[in-house]
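Here is the structure we will look at.
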Amino acid sequence: MRKSWKGFYRLIHRYQHNTINPIKKQVMDFWYDSINHAGADVPQEDQKLKADIWGAIRQNMHELPETVEPLTGRRWWQSAYFKFAATAAFLIVGFVFYKGGIAGRNSIIAKVPNAMISDLVKNENTTGKLKLVKLPDGTAVSLYPGAILFYPQVFTAKERNVFLKGDGYFDVTHDPGRPFSVYSDHIITKVLGTSFTIRTSPKGNVEVAVLRGKVKVKENASDAGASGISKEVTLTPNKKVTFSFETGEMVAGLVEEPLPVSGRESTIDIKNAFIYTDKPVSEIIPQLEKAYGLAILLENKNLANCTITADASNLGDLFALLDVLCAAIDASYEVREDQIFLTGPGCKAIQ
């Protein structure tokens, strides 16, 4: 869109400075003369652009030929009429592209019309530290510096919708009857009650990471592809998804520091867990998967035969635990999207 508008503007600029070739000049004059200018409702922001375009065209109206050359002896696509129509279409389409681009750039939150948030409470963090915002339902939002949150004075009986520009951490009050949705650049995050963060990179990518509970992240409808179907990803604790602005793809991953899940998500006794005495990897891996809600896969089945003696109860971070585990059995681990893979020579089975 931006390239089309730039080309259109260059054409107008050349017209204004009389550097456009005579044929295109006649086309633009003909286009101006053939449309109805009465009753045009042009937004205030376009008045100057409109004046520049029409002023330049009016200034050169006297050069319009009194007669249009006949079609005799010329093919239809070489006629002035065809050139008039083709160029007029180009100019009109270019202007529409320009308008669409302006509208998109003027939205405070990408893919969210400003009209949707104009009557909402606006809370902006203009400080250099986190700002705590309490919503009408008791939900707590920590706004990062520069972030803006829009929300209603009172939520409706059926839903709780808020709008975020920038980064924020949400601790949502559990209310199964009223889903909580956060509209941010390009995506919508829907939850019932959980803790999660939403962060936007300078390139426009948006990351949603879940600490507790479950959320569904989907593209804003206007970002859907040719099928018209928005992609949707379900996230559980310690998982994240990143929406790529450039490709429109949802990329799965893990949070930077996975921590043991709590409450209903896990029944592991964290305080007494991770103390191993000749414990086989075949028993340790399922325990870690349950404690962190993640999939840990062994690429070599012989790794399951290895045993470990270690006290890792003071390590809450999963990656720190894996460092200890891998050092003890001469292995390594790799994160691939939202799964962890262990590789190494493994151990012989005890006969």
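Taken together, the values in this text are just the output of simple stated rules run on the coordinates, not laboratory data. Small disclaimer: the values here were computed from a predicted structure and weren't measured. All Cβ positions, even for glycine, are placed from backbone atoms using ideal geometry, and neighbour counts span all protein chains on display.
Let me know the whole percent of all Cα-Cα pairs from the range 281-333 that are separated by more than 14 Å. Mind showing how you got there, number by number?
Working: 700 of 1378 pairs.
That tail contains 51 percent of the Cα-Cα pairs.
Could you rank the peptides 244-252, 298-306 by their average count of other C-beta atoms within 10 Å per residue, with the highest value first?
Values: 244-252: 13.6, 298-306: 16.1.
My ranking of the peptides, most packed first, is 298-306, 244-252.
Counting every Cα pair in the range 109-195, what percent are over 20 Å apart? It would help to have the intermediate numbers written out before the result.
On the way: 1048 of 3741 pairs.
Result: 28 percent of Cα pairs exceed 20 Å.
Using 0.36 nm per residue of separation minus the Cα-Cα distance, give me the extension gain between residue 201 and residue 335 in nm, one decimal. The span from residue 201 to residue 335 would gain 46.1 nm if fully extended. What does the convex hull of the alpha-carbon atoms of the range 158-217 project to on average, in nm²? Projected area, direction-averaged: 3.6 nm². What the phi angles of the range 182-191 give under the Karplus curve with 6.51, -1.76 and 1.60, with θ = phi - 60°, is a coupling list of 10, 8, 10, 3, 6, 10, 10, 10, 10, 9 Hz, glycine and proline written as x.
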